[in-house]
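The structure appears below as structure tokens.
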Amino acid sequence: MPKLLANPNNERDEQGRLLQFKDLLEANNHVKGWIKDSTMDYVVLQSSKSNPEYYLYKDFFGDYYKAGSLFLDHRSSVEAPTQNLVIHGHNMISTPEKMFHYLKHYKDIGYYKKHPLISFDTIYEEADYKVYSIIKTTPKANKDYFFEYRKSEFKDSSEFLNFVYQTRIRSLIIVDDVDINENDTLLTLSTCSYEVDNDYRTVVFARKIREGESSKVNMKTVRVNKNPLYCDDYSIIWPP
């Protein structure tokens, strides 16, 4: 796997890109960032809109790899920053790189309390995010009350705040300490989930930490959502 350079002085190239990505960008100009917490430490790629799932089963170098690579949704952008950055990745067990396998554990309060933050540095900006929601859903909008969790741009603040509301009412956990306003940026991580069929997803939402804001989350505000909104066919069998 490729590695990220150190850049303690936040230096940038002539295009404004962080110099820690210099070697990665020279090796592959599809590099868009790097995501990290205690369970993952991976480069994030994005191919062309004409072939958005190019990295589904390809590694950093474009060779076939069962685990694929983490990749940014074609509706999301770091160059013209979208308000929601959506990253896709496999839920792997059999490969050394587990990719987004551990996202499923966010439904457990104990796991959340140990992993409330995710770092996602784009090639232009370093940022940390506070996790506030985990949902079980499907990319098939007609099965989830027309909620499109991959939506990246919003026509106005009302549409964005309604999107946030939809992520909260579907969430398996409630995190009252992470508030969200119309100026915030979201990070959305999506991986396969097998409770119903291969079309389902475990999706984690996080909000970028604001300038000057503490990175701490008040864990006393974290609790299980006893009545999350599920897709029609999902709620038939879940929870077990």
Flagged in the range 9-33 as surrounded by fewer than 13 Cβ atoms within 10 Å (Cβ to Cβ) and either part of a loop (DSSP other than H, G, I, E, B) or touching a strand residue (DSSP E or B) at 6+ places or on another chain (Cβ under 9 Å) (or both), in numbering order, are ASN9, ASN10, GLU11, ASP13, GLU14, GLN15, GLY16, ASN29
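State yes or no: is THR191 of a type outside the set (Asp, Glu), farther than 19 Å from ILE93 by Cβ and under 17 Å from the mean Cα position of the chain (by Cα)?
Values: of a type outside the set (Asp, Glu): yes; farther than 19 Å from ILE93 by Cβ: no; under 17 Å from the mean Cα position of the chain (by Cα): yes.
So THR191 does not fit the description; no.
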Answer yes if at least one residue in the range 95-113 is among the charged types (D, E, K, R), in contact with a helix residue (DSSP H, G or I) (Cβ under 9 Å, 6 or more places away or on another chain), surrounded by fewer than 17 Cβ atoms within 10 Å (Cβ to Cβ) and in contact (Cβ under 8 Å) with a residue 60 or more places away in the chain, and no otherwise. yes
The range 1-16 residues that are closer than 27 Å to ASP59 by Cβ, paired with ones that are assigned to a loop (DSSP other than H, G, I, E, B) (beta carbon under 6 Å, 6 or more apart): PRO2/PHE60
If a residue must be assigned to a loop (DSSP other than H, G, I, E, B) and either touching a His at 6+ places or on another chain (Cβ under 9 Å) or modelled with pLDDT of 90 or more (or both), how many such residues does the range 220-235 contain? 4
Would you pick out the residues in the range 29-49 that are at pLDDT 95 or above and more than 29 Å from LYS104 (Cβ to Cβ)? ASN29
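Within the range 194-218, can you find the residues that are under 15 Å from the mean Cα position of the chain (by Cα) and either not in a loop (DSSP other than H, G, I, E, B) or not aliphatic (A, V, I, L, M) (or both)? Break it down into steps so the answer makes sense when it comes.
Quick first cut of the range 194-218, residues under 15 Å from the mean Cα position of the chain (by Cα) only: 201-209.
Of everything in the range 194-218, those that are under 15 Å from the mean Cα position of the chain (by Cα) and either not in a loop (DSSP other than H, G, I, E, B) or not aliphatic (A, V, I, L, M) (or both) turn out to be ARG201, THR202, VAL203, VAL204, PHE205, ALA206, ARG207, LYS208.
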Within the range 62-78, residues crowded, with 17+ Cβ neighbours inside 10 Å and either assigned to a strand (DSSP E or B) or under 12 Å from the mean Cα position of the chain (by Cα) (or both) come out as LEU70, PHE71, LEU72, ASP73, SER76
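The values are calculated or read from the model by the stated rules, or taken from the named source; none is laboratory data. Small disclaimer: the values here were computed from a predicted structure and weren't measured. Cβ atoms come from the backbone with ideal geometry, glycine included; neighbour counts cover every protein chain shown.
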